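Written out below as structure tokens is the structure these notes cover.
The values are calculated or read from the model by the stated rules, or taken from the named source; none is laboratory data. These numbers come from a predicted model, not from an experiment. Note that each Cβ is placed from the backbone with ideal geometry, even for glycine, and that neighbours are counted across all protein chains shown. To get the accessible areas, we keep the full protein, side chains included, count just its heavy atoms, and leave off ligands, DNA and RNA. Shrake-Rupley method; radii C 1.70, N 1.55, O 1.52, S 1.80 Å.
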Amino acid sequence: MIYDGGISSSQKSLEQASLQSSLQQVEVDLYSIKERINQVYFYILVLQENTKLMESTASELEEKIKTIESGVKNGFLQASASDALMAEYLKIQQKADELKMEKRTSLNILSELTGSNLAYDVNLALPVIDKISSDSVNRPEYQLFEAQKNQLQVSGKIISSKKMPKIAGFGQFGYGKPGLNMMNDEADNFYMVGARISWNIWDWNDGKRDREAIKVQQQLVDNRREIFDKNLSVSLAKERSGIEKMEKLIETDKQIIGLREKITRRSESQMNNGTLTSSDYISDLNAEVQAKINFQIHKIQLVQTKINYLTLLGTKIQ
């Protein structure tokens, strides 16, 4: 082949474009795994904080039980007060054990997603995210859209190349009896060289239909990109709103915790003096614990929302 209308070079370009498109699709697929990793990671952080709080509350109740039992022995308090606290203590211990088992299950999932072997007693750290200073988008989907359009453009070049003339050379050499001269029966050398030209002038509109199909596919890529832009814009707005919401909730949580601690301390004093039942004290203690749980969850959710926002932007997080 001397000249094939550029088909060979176009086919090589198409192979490269197809490879680039496939590699970029892998990047997009990996991105969804990153989002899943974020969800599992922060869920484990919530489990960790709740477990710590349960264990701290159980330790506090254990001390209260000793104080109440002393009062029961001295006849100041009834035995039912100690029993109620013990039941709540066991309940909290049970909840802590459930959280630990849930953490173990979640760590197995995280290990599978990351390819790491995480120990069950590992303590994951809450990431530190500074103020988000840039809103520039660098998502791999955009590179995928460009790679797909480039692949379609190269396919269009191949269609055009098929209508170009093609030139090929040939040669034949030999020794025979007879040679090329059939009138001579003597053995002789012979050779033959030449060129061949082919040109598919009429393709029955196959090329036109193929080009129209490529245009439709290009429009589909543009439409997918437009839909992706809209969905991304909505998701980013949702995460920005979530960041503001969590910041406000955290400030309110601090005030609630301060008030709940005061209420619990008063209830504790009244219970020790026998003017308040242990059930009422447990109710106030549970309200304080729940306020602290909400505070920890909101702190974790704030960082998670910021990371979700950066992930949506395509920002690499160290």
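Yes/no matrix, rows are residues, columns are (1) touching an Asp or Glu at 6+ places or on another chain (Cβ under 9 Å); (2) open to solvent by less than 20 Å² (accessible area, probe 1.4 Å); (3) over 30 Å from Ala291 (Cα atoms); (4) without any contact (Cβ under 8 Å) to a residue 24 or more places away in the chain:
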{"position": "Ile7", "(1), (2), (3), (4)": "no, no, yes, no"}
{"position": "Lys12", "(1), (2), (3), (4)": "no, no, yes, yes"}
{"position": "Ala17", "(1), (2), (3), (4)": "no, yes, yes, no"}
{"position": "Gln24", "(1), (2), (3), (4)": "yes, no, yes, no"}
{"position": "Glu35", "(1), (2), (3), (4)": "no, no, no, no"}
{"position": "Val40", "(1), (2), (3), (4)": "no, yes, no, no"}
{"position": "Leu45", "(1), (2), (3), (4)": "no, yes, no, no"}
{"position": "Leu53", "(1), (2), (3), (4)": "no, no, no, no"}
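Name every residue in the range 262-313 that is among the small types (Gly, Ala, Ser), surrounded by fewer than 20 Cβ atoms within 10 Å (Cβ to Cβ), touching a helix residue (DSSP H, G or I) at 6+ places or on another chain (Cβ under 7 Å) and at pLDDT below 90, in order of residue number. Matches in the range 262-313: Ser279 only. Evaluating Gly5 against the criteria (1) outside any helix (DSSP H, G or I); (2) at pLDDT 95 or above leaves one unmet condition, (2). Among the residues of the range 223-245, those that are open to solvent by less than 50 Å² (accessible area, probe 1.4 Å) and farther than 15 Å from Val137 by Cβ comprise Gly242, Ile243. Taken together, the criteria place Lys177 among residues that are modelled with pLDDT of 75 or more, open to solvent by 90 Å² or more (accessible area, probe 1.4 Å) and in contact with an Asp or Glu (Cβ under 9 Å, 6 or more places away or on another chain).
May I ask you to list the residues in the range 232-279 that are of a type in the set (A, V, I, L, M), farther than 18 Å from Ala291 by Cβ and either in a helix (DSSP H, G or I) or touching a Leu at 6+ places or on another chain (Cβ under 6 Å) (or both)?
Leu232, Val234, Leu236, Ala237, Ile243, Met271
Filtered by the rule that a residue be free of Cβ contacts under 8 Å to residues at least 60 places away in the same chain and touching an Asp or Glu at 6+ places or on another chain (Cβ under 8 Å), the range 89-148 gives Tyr89, Ala96.
Could you check, for the range 111-121, whether at least one of its residues is within 27 Å of Asn231 (Cα to Cα), open to solvent by less than 80 Å² (accessible area, probe 1.4 Å), assigned to a helix (DSSP H, G or I) and among the hydrophobic types (A, V, I, L, M, F, W, C)? Scanning the range 111-121 turns up at least one residue that is within 27 Å of Asn231 (Cα to Cα), open to solvent by less than 80 Å² (accessible area, probe 1.4 Å), assigned to a helix (DSSP H, G or I) and among the hydrophobic types (A, V, I, L, M, F, W, C).
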